[in-house]
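The values are calculated or read from the model by the stated rules, or taken from the named source; none is laboratory data. Since the model is a prediction, treat every value here as computed from it, not as a measurement. Using ideal geometry, Cβ is built from the backbone for each residue, glycine included, and neighbour counts are taken over all protein chains shown. Remember, those area values only see protein heavy atoms, side chains included, never the ligands or the DNA or RNA. Shrake-Rupley method; radii C 1.70, N 1.55, O 1.52, S 1.80 Å.
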Amino acid sequence: MRGMTTPAAAITDAAAYARAVQDAVEAAAAYYTGGTSPLDDDAYDRLVRSIAGYEADHPGQVLPDSPTGKVAGGAVEGDVPHTVAMLSLDNVFSAEEFTAWTESLARRIGHPVTRFHVGPKLDGLAIAARYTNGRLTRLVTRGDGTAGEDVSHAIGTVEGLPERLAEPVTVEVRGEVLMTSAQFEYANEVRTRHGGQPFANPRNAAAGTLRARERVYTVPMTFFGYGLLPLPASDPALAERLAGSAYGDLMGLSAGYGIHTSARTAVTDTVVETADEVLARVREIAAVRAELPFGIDGIVVKADLAADRQAAGSGSRAPRWAIAYKLPAVEKITRLLEVEWNVGRTGIIAPRGILEPVVIDGSTITYATLHNPADITRRDLRLGDQVTVHRAGDVIPRVQAPVAHLRTGAERPVAFPEVCPRCGSQIDRSEERWRCAQGRDCHLVASLAYAAGRDQLDVEGLGHTRVVQLVEAGLVADLADLFALTREQLLGLDRMGETSTDNLLTAIAGAKSRPLSRVLCALGVRGTGRSMSRRIARHFATMDAIRAADAEAMQEVDGVGAEKAPSIVAELVELAPLIDRLAAAGVTMTEPGATPPPAGDGPGPDGGASAAAAEPGPLAGMAVVVTGTMTGVLEKLSRNEMNELIERAGGRSSSSVSKKTALVVAGENAGSKRAKAEQLGIRLATPDEFADLIADLVADLVADPLSGTAV
Ligand code: IVH
């Protein structure tokens, strides 16, 4: 393959400029036809910007193919003319650039825009869907903007694009076809199962799938409408109405016809009045991006009022009444160098990809999760592959897929371990996640250090090094052994004087009074973490009730599904001897404030509300988010402890602010979550006000800070 121009480099001569234009043309062609480009979005944007920079200095040398002067994706030879050109969008990359755009728009139309329509920029491909008398008759890709390819064969495989509208109208709906994460996973699974090569990302998958004509299998995609316009055969009254409608009303009308829009997602379109409000909405959408089940690469801001749009008009490439506020790329291409296998505290043997370092959204990524061996096989990953790596928000980066067309033939298969890489025991392969046959005992140190951690039994002085010492001395072989340690045994260890020994024994004794939720969490039941352990403990109230629960009863716990329930039940059976010994040692097996559900009862008339809900606390039914640094009586509490408090008071702790949030506790230096709460009009409380609200619980906490750690 021809060498690529370094995308970020400034272009200094005509030859480099010509090469850059050629690279951009090839990348755009690949992008819009479902092929794969060796340039990721970020690199492409940088390339286009350096081309634009050169053209600004050498206006006489601009090449006709330059990506700066034409509709993006103009590489496809289309055969269906568009009635109205399908344009692209200009981009901004910062608040300053956005403000400059609003100012230039205001100058152009003679007054500032007072209504902005703001919505997600969906990362798929543009499509026009023609409806005649309410029936879907034709699907056309954007092509070069003036004519596109007929892909009507895909009718019936695109969710959100009904074959019949709720009204018998003749209209063209425009929007984006994409694959949700689940659709993408499925697409690659069936494709590789049929001997095909995996798609590198959901966008490519949607593009490739849309254009594929004869497939033995069907892969669903999803449509999001973002435009509605009349066709020549439309009813003139409707045509007039559409031409005069505010953008928000057009979207409402589309949704009323049965078209899927962003209205039913966590990033609904909104109409706001000022540039600052637009920027606040941009931040909000950016904040939830990582949690969305589909890809967005920015936010589209439009003048909402028809009169403003008409006054602004369009250029040959993009309308002047809309702009794309691009978000940083969350996907990059890099090389998968190695796969290492690590044993976790529950004995799970997890693969982790070692990558050629790559910067994504400001952080250098060198590792990415790979889930399990079956997943590696499903994705057809090989060592040495160029892979797409995805990193959004604080989520651990993950390898998405190989970029199969960049293979050189030198790639090697990923070697799966024959025996446990930690202790050499057999591997239990009965589930997709492989596990050492020794289970928790394989990595005893990790499992004990976790159990002693602050959010579990909170045994001060029992850090990793001390745990290693205890295990190596043969004093502790499981969690229950901790409670049998004697003063003499501890004094016999290196670096253990009288004071440290007594302190450690006191700390271990204190661990016995932690509430059930923390004991459960300390056990490290697979598939449960801190918040799930709390929900289980509050639902059942006692360890006996938890152990008596079958999978059906377990599913009554909020967040425990049909898949998780049986594995939790099985884990508890496996842990039974250990739990018995902990109970015998005097470890707490009840959850303060919770009462067990009536024995033998199925779900109640309200769907089986837990016993805990029968005793409403001051936060009953409220979703509460904590942000910023706590002060006053709450000063020393970790986030987990604050969440425990909220749940004790009958509330539900949550980490992100949405319309469903009832209260945001905002401490010092609270940032975007506080801003979002203000924007949504959600009740805010300072740490002191919150402490007042749950005064009884806080009084217990202050009176007896160690018992049950934080209430
Ligand atoms: S409005 C006249 N709204 O992004 C063009 N476009 O990079 C009006 N896109 O060509 C387009 N989400 O394919 C609009 N909410 C959205 C969008 C959106 C994604 C695509 C569209 C456009 C491309 C420009």
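Of note:
- Residue in region 415-434 that is at negative phi, acidic (Asp, Glu) and assigned to a helix (DSSP H, G or I) present: no
- Within region 300-326, being within 8 Å of the ligand (Cβ to nearest atom), in a strand (DSSP E or B) and open to solvent by less than 50 Å² (accessible area, probe 1.4 Å) holds for 300, 302, 319, 322, 324.
- The residue of region 153-183 that is nearest to residue 221 (Cα to Cα), among those that are in contact with a Leu (Cβ under 6 Å, 6 or more places away or on another chain) and open to solvent by 30 Å² or more (accessible area, probe 1.4 Å), is 155.
- Residue within region 89-99 that is crowded, with 22+ Cβ neighbours inside 10 Å, in contact (Cβ under 8 Å) with a residue 60 or more places away in the chain and not in a helix (DSSP H, G or I) present: no
- Any chance residue 147 is over 34 Å from the mean Cα position of the chain (by Cα) and within 16 Å of the ligand (Cβ to nearest atom): yes
- Flag set for residue 435, criterion: among the basic types (Lys, Arg), touching a residue at least 60 places away in the same chain (Cβ under 8 Å) and open to solvent by less than 80 Å² (accessible area, probe 1.4 Å).
- Among residues of region 475-514, those that are part of a loop (DSSP other than H, G, I, E, B), of a type in the set (D, E, K, R) and without any contact (Cβ under 8 Å) to a residue 60 or more places away in the chain, counted: 2
- Residue under evaluation residue 329, criteria (1) outside any loop (DSSP other than H, G, I, E, B); (2) open to solvent by 10 Å² or more (accessible area, probe 1.4 Å), criterion not met: (1)
- Considering residues of region 15-48 that are open to solvent by 30 Å² or more (accessible area, probe 1.4 Å) and of a type in the set (Ser, Thr, Tyr) only, the residue modelled with the highest pLDDT: 44
- For region 241-256, the criterion of being within 25 Å of the chain's Cα centre (by Cα) and among the small types (Gly, Ala, Ser) is satisfied by no residue at all.
- Checking each residue in region 108-144 for being more than 20 Å from residue 262 (Cβ to Cβ), open to solvent by 10 Å² or more (accessible area, probe 1.4 Å), more than 13 Å from the ligand (Cβ to nearest atom) and not in a strand (DSSP E or B) picks out 108, 109, 110, 111, 112, 113, 114, 133.
- Just one of (1) within 15 Å of the ligand (Cβ to nearest atom); (2) open to solvent by less than 20 Å² (accessible area, probe 1.4 Å) fails for residue 284. It is (1).
- Of all residues making up region 362-385, the number that are open to solvent by 20 Å² or more (accessible area, probe 1.4 Å) and under 15 Å from residue 400 (Cβ atoms): 7
- The set of residues in region 262-278 that are open to solvent by 20 Å² or more (accessible area, probe 1.4 Å) and either under 12 Å from the mean Cα position of the chain (by Cα) or not hydroxyl-bearing (Ser, Thr, Tyr) (or both) comprises 263, 264, 266, 269, 271, 273, 275, 276, 277.
- Checking residue 407 against (1) at pLDDT below 95; (2) exposed (fewer than 15 other Cβ atoms within 10 Å of the Cβ); (3) closer than 26 Å to residue 564 by Cβ, the condition it does not meet: (3)
Yes or no, residue by residue, for (1) of a type in the set (A, V, I, L, M, F, W, C); (2) at pLDDT 85 or above:
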site	(1), (2)
1	yes, no
10	yes, no
50	no, yes
77	no, no
85	yes, yes
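Each row is one residue, and each column tells you yes or no for (1) more than 22 Å from residue 38 (Cβ to Cβ); (2) open to solvent by 30 Å² or more (accessible area, probe 1.4 Å); (3) modelled with pLDDT under 95.
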| position | (1), (2), (3) |
| --- | --- |
| 191 | no, yes, yes |
| 200 | no, no, yes |
| 203 | no, no, yes |
| 212 | yes, no, yes |
| 216 | yes, yes, yes |
| 221 | yes, no, no |
| 228 | yes, no, no |
| 232 | yes, yes, yes |
| 241 | yes, yes, no |
